[in-house]
Amino acid sequence: MDSSGIGLIMGRHRAMEEIDGEVVIRNPPVHIRRVMHISGMERIAQIQNTTPESNGAIE
């Protein structure tokens, strides 16, 4: 994930704000989750892990 991916999420967040919606990202790979955590994306998008082995951990 690079700045393009972050920009995409930010754009979706803005669009969803206009209709009182939210952005939810489900089951991102660990390396993507780490980038999202470091960049602060958790403040504008919910990050959910629905697989049992994930345990919601950031590695």
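Throughout, read-outs are computed from the coordinates displayed, never taken from laboratory work. As the structure is a prediction and not an experimental result, all values here were calculated from the model. Quick reminder, even Gly has a Cβ in these numbers, built from the backbone with ideal geometry, and neighbours come from all protein chains shown.
Going through segment 28-42 one residue at a time, which ones are in contact with a helix residue (DSSP H, G or I) (Cβ under 9 Å, 6 or more places away or on another chain) and part of a loop (DSSP other than H, G, I, E, B)?
Within segment 28-42, the first condition is being in contact with a helix residue (DSSP H, G or I) (Cβ under 9 Å, 6 or more places away or on another chain), and the residues that meet it are 28, 32, 35-36, 39, 41-42.
Across segment 28-42, the qualifying residue is only Pro28.
Every residue in segment 13-29 that is more than 10 Å from Ile44 (Cα to Cα) and either among the aliphatic types (A, V, I, L, M) or surrounded by 15 or more Cβ atoms within 10 Å (Cβ to Cβ) (or both), please.
Of everything in segment 13-29, those that are more than 10 Å from Ile44 (Cα to Cα) and either among the aliphatic types (A, V, I, L, M) or surrounded by 15 or more Cβ atoms within 10 Å (Cβ to Cβ) (or both) turn out to be Ala15, Met16, Ile19, Ile25, Pro28.
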